[in-house]
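The values are calculated or read from the model by the stated rules, or taken from the named source; none is laboratory data. This is a predicted model, so every value here is computed, not measured. Cβ sites come from the backbone with ideal geometry, for glycine too, and all protein chains shown count toward neighbours. Heads up: the accessible areas ignore ligands, DNA and RNA and are worked out on the full protein's heavy atoms, side chains in. Shrake-Rupley method; radii C 1.70, N 1.55, O 1.52, S 1.80 Å.
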Amino acid sequence: MALMKSLSVQKLFFLFSIVILKHFRNPKRTIHQENLYTADHSIASKSEYHKFQVLGQRQELEDKFLIFNVETALLRSSSLFPYFFLVAFEAGSPIRAFIFLILYPFITLCRDDHALKLMVMICFFGLSKERFREGRAVLPKFFLENVGRESFEVLRRGKKTVGVSNLPQVMVESFLRDHLDIDYVVGKELKVFCGYFVGLMEERRELVPDNVLSNAVGISGCKNKKYFDCPWFAHCKEIYLVSEQERRNWHQLPSNSYTKPLIFHDGRLAFRPSFLSALAMFMWLPMGFTLGILRTLIAITLPLGIAIPLMHITGIKLRVSKPESSSNSSSKGNDDKAKRTLYVCNHKTLLDPILVSYATRSTTLTAVTYSLSRMSEIISPIRTVRLTRHKDQDAELMHKLLSQSDLVVCPEGTTCREPYLLRFSPLFSEISNDVFLVAVNCHVSMFYGTTARGLKFLDPLFFLMNPWPSYSGRFLGMTRSNGDADAKKSRFEVADFVQSEIAKALGFTCTKLTRKDKYLILAGNDGVVRDGNRRTS
């Protein structure tokens with residue numbers, strides 16, 4: 001029986017190898033396919049070719065369908081390495097990304113179409129189709145940073161826009177539709193077996209709407225037939241070509257020009273991974289891991305007076321500004337419970353309460369949080385208490401904690417990497433009449449210290465693995481949450497006021513988005529995962 005199973009596995013592997021080899025060879029076209037391609041290419045060969053600069057000067061584009069190649073007519077850099085490396089690292093694993101990095105120099109020696117197939121095979125083989133969300137959660141940020149402003153301004157003038165890409169559809173669709181408002185996205189479909197990508201791409205089988213045929217204008221990077229091997233380009237009577245020199249001179253599209261702002265994104269990498277920068281990251285990893293462990297030990301074992309200078313020596317930059325009228329909470333009498341301070345700050349990483357503790361030189365500060373891994377609770381240098389997300393229970397718990405020590409809370413309930421503030425929960429306004437506002441911000445150069453879909457207990461370690469991470473805290477002073485002047489304000493109005501004050505200090509933009517919105521976009525769930533009897537997010 002075991003021998004028969006072994007032979008069956010060998011047969012399946014043999015058949016799968018034949019399929020892959022057949023896919024990577026240059027297949028012979030059938031007579032029908034050859035006739036279709038010849039017909040389409042003959043139409044494209046009759047097209048008039050012009051320079052892209054001419055298209056920018058045309059005025060009558062409002063009734064035209066603008067069909068453009070994403071890689072050669074929208075993006076400033078033609079290198080596809082960063083996007084496939086992100087798929088390998090974020091959707092796969094660091095091991096898969098390292099293998100891709102090592103093989104990439106050999107991939108560049110292949111023809112463009114074969115190189116693309118190899119990159120797709122290495123980065124997508126074995127990934128779950130259902131769990132693949134990098135095309136929505138990770139890649140849009142890096143694609144948007146590579147969009148040329150001059151090209152996008154021309155595309156916005158068309159009646160409809162069609163983005164044609166040789167990349168898999170799952171990589172480019174969200175970036176084009178959600179943030180640039182492209183009407184049609186035409187990419188390659190990936191083959192799936194038992195719910196997993198097999199690393200092969202399907203041939204295009206798009207149907208072109210009839211209303212496109214007479215009003216289509218094409219935009220591409222060159223006359224190479226592989227960019228016109230698409231029914232959309234076959235009906236373009238005019239095609240405008242973008243030169244490499246022209247693309248290099250394009251300016252980056254500013255974030256305020258996105259049709260939909262980029263507020264949420266996920267993934268660990270905080271830099272655009274070119275080949276050299278990705279290589280430098282892997283060379284840094286052993287040193288970064290050691291440094292992260294060392295910084296953690298300093299924070300949890302040494303007194304504040306010694307830990308803070310050592311943090312600076314190891315490369316962590318801490319900057320705190322406090323108003324003259326603020327007093328150190330540690331100087332208050334233990335029996336003066338009425339004067340305990342409730343600190344309210346925005347949320348950047350799990351280390352926000354620790355920054356407040358360092359700034360106030362308080363070792364008795366308590367942090368309340370909606371979600372925290374057990375490991376983070378164990379190694380935290382300050383006391384942490386988990387909230388239940390039940391309003392009455394949480395209010396009672398916070399009242400009790402505030403009577404015992406100073407308290408810090410982050411009403412956003414989750415982190416946001418971009419310069420936006422999510423909606424503040426109004427619970428804090430019911431706990432104390434006086435709240436102390438703290439605006440916090442951080443900067444990383446290699447790894448993000450937050451994640452929506454990864455292992456949360458590693459968040460602090462990834463932040464501390466950065467070569468020169470920085471944290472800043474600005475104490476804005478005391479404000480009355482429901483004093484006489486604000487007697488008519490509801491708790492929601494108080495929360496909005498506190499949000500606006502912190503946003504003003506940071507130069508951020510206020511939003512009405514919540515933690516649930518973030519997790520629905522990035523992880524496809526409400527952010528609550530039941531683990532036995534514990535609720536985490």
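Can you tally the net charge around T259? Count Lys and Arg as +1, Asp and Glu as -1, for every other residue whose Cβ sits under 11 Å from the Cβ of T259. Walk me through the numbers before you get to the answer.
On the way: positive: R156, R177, K260; negative: D178, D181.
Local charge sum for T259: +1.
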**Estimated vicinal HN-Hα couplings, Hz - the range 264-280 in sequence order (Karplus 6.51, -1.76, 1.60; Gly, Pro = x)** = 10, 7, 10, x, 8, 7, 9, 10, 6, x, 5, 4, 5, 5, 5, 5, 5
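Suppose accessible area is computed on protein heavy atoms with a 1.4 Å probe; arrange W232, W468 from highest to lowest.
Working: W232 10, W468 170 Å².
My answer, sorted largest first, is W468, W232.
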**Message:** Please list, in order along the range 86-91, the HN-Hα scalar couplings obtained from phi with the Karplus expression 6.51 cos²θ - 1.76 cosθ + 1.60 (θ = phi - 60°), rounded to whole Hz, x for Gly and Pro.
**Reply:** 5, 4, 5, 7, 7, 8
**Request:** Scan around Y420 for amide H atoms under 5 Å from its own, H built in the peptide plane at 1.01 Å from N, and keep only partners 5 or more places away or cross-chain.
**Result:** T509
**Prompt:** Out of the range 129-193, which GluC sites (Glu not before Pro) are coil in DSSP terms and have no more than 12 other C-beta atoms within 10 Å?
**Reply:** E130
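Based on Cβ point charges of +1 for Lys and Arg and -1 for Asp and Glu, what charge dipole magnitude is obtained for the range 387-512 about its Cα centre, in debye rounded to the nearest 20?
Computed charge dipole of the range 387-512: roughly 340 debye.
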**Request:** Would you kindly work out the equivalent ellipsoid of the range 60-133 from its C-alpha gyration tensor and give its semi-axes, the square roots of five times the eigenvalues, largest first in whole Å?
**Result:** 29, 17, 10
**Message:** Between S500 and C222, what is the label-point separation in nm under the 7 Å Cα-to-beta-carbon projection?
**Reply:** 5.5
**Request:** Would you check the accessible area of T414, probe 1.4 Å, heavy atoms only, in square angstrom rounded to 10?
**Result:** 10
**Complete:** Quick calc: nm separation of the 7 Å Cα→Cβ label points for N525 and F457 -> 1.7
**Complete:** With bins of 10 Å, the percent of all Cα-Cα pairs of the range 272-319 per bin from 0 is 24, 39, 25, 11, 0
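Taking 27 Å as the cut-off for C-alpha to C-alpha distance, list the pairs among K51/K117; K159/K260; K64/K260; K159/K518; K141/K504 that go past it. Walk me through the numbers before you get to the answer.
Values: K51/K117 30 Å; K159/K260 19 Å; K64/K260 23 Å; K159/K518 32 Å; K141/K504 25 Å.
Pairs exceeding 27 Å: K51/K117; K159/K518.
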